[in-house]
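See structure below.
The values are calculated or read from the model by the stated rules, or taken from the named source; none is laboratory data. Nothing here was measured: the structure is a model prediction, and the numbers come from that model. Note that we place each Cβ from the backbone using ideal geometry, even for glycine, and neighbour counts take in every protein chain shown. Only protein heavy atoms, including side chains, enter the accessible area calculation; ligands, DNA and RNA are left aside. Shrake-Rupley method; radii C 1.70, N 1.55, O 1.52, S 1.80 Å.
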Amino acid sequence: MNMKYSIDHKSPIPLHAQAEALLRKMIQEPEFREGGFLPNEVDLAKRLGISRNTIRQSLNKLVFEGLLVRKKGIGTTVAKRSVNSKVTSWLSFTQEMKTKGLDPKNFEIKVSWVIPDQEVVSSFGIGYERKVLKLERLRGLQDGPFVYFISYFHPRVGLSGTEDFSRPLYEILEQDYSTIARVSREELSARAATEFLAGKLLISVGDPIFVRKRIVFDPGDRPIEFNIGFYKSDSFVYSIESERES
């Protein structure tokens, strides 16, 4: 990595924001562009003089934007150019259903405090020693469930776990905690249903399901929620509106 990249530790700009800006410049360099390997997290952290958690948080954002590709045991590479779609808006599950004239239903709601795993730690930029609120919801329509959501919330939000989560989630965050969900960065994939998910979604083990990972940010680009949705394959359609740049 060219040593022209450095962090200003005296700047009021958060370290993770500076690191993200530097990474965006790095991936435009000829040595990294179009599939080039980035230095590993430890090396990047040492060269920039920041913690591994901080650099991981910055890398994670670029991964979710599709600019980087991370493969276990291989490393992090710059994504090759492809057709990019611009998502012009996003809705909560309740809003999505309401816009279709459907009445969403909660079949299960479970709240707990847990030690976060690596993916949550990376997304939030926090340590493993801080427990986070975990919200699990089995949702669908009157004729049965079709999606199982798991949400983790940044401790900064201040949720207590005693909230009425039958209410729309982002309504709770905005009205009760003055936290506005502004930006959603998502990742879609497919997998076979495990025994646990098959039991929740009333399908067979091995049936295809869609997995939708979402990190939600506030207007200050701070993460507030990490959400994973497991959908029955016959119930999920993802529409994207693209705008051609002139």
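A few remarks follow.
- Relative contact order of region 122-226, taken over Cα pairs closer than 8 Å and 6 or more residues apart, is 26 percent.
- Rounded percent of accessible protein surface that carbon and sulfur make up, the chain, 1.4 Å probe: 50
- Computed extension gain for Ser235 through Arg191, at 0.36 nm per residue and net of the alpha carbon distance, reaches 14.4 nm.
- Estimated FRET transfer efficiency when R0 is 30 angstrom, pair Lys131-Lys46 (beta carbons, to 0.05): 0.55
- Normalised per residue, the accessible area of region 105-172 is 44 Å², obtained with a 1.4 Å probe and no contribution from ligands, DNA or RNA.
- Site pair Ser204 and Gln28 shows an inter-label distance of 5.2 nm when each label is modelled 7 Å from Cα along Cα→Cβ.
- Kirkwood-Stokes translational diffusion coefficient of region 134-246, alpha-carbon pairs, 10 °C, 1.306 mPa s, µm²/s: 102
- Arg212 sits among other residues whose Cβ lies under 9 Å from its own Cβ, and their net charge, with Lys and Arg +1 and Asp and Glu -1, is 0.
- Long-range lysine pairs (8 or more apart or interchain), region 86-205, Cα under 18 Å: 5
- Extension gain, Lys71 to Ser178, is 34.8 nm, computed as 0.36 nm per intervening residue step minus the present C-alpha separation.
- Within the full protein context, the accessible area of Arg156 is estimated at about 90 Å² for a probe radius of 1.4 Å.
- Descending by average beta-carbon neighbour count within 10 Å, the peptides 223-235, 185-197 line up as 223-235, 185-197, the highest first.
- Counting Lys and Arg as +1 and Asp and Glu as -1 over every other residue whose Cβ lies under 13 Å from the Cβ of Glu108, the net charge comes to +4.
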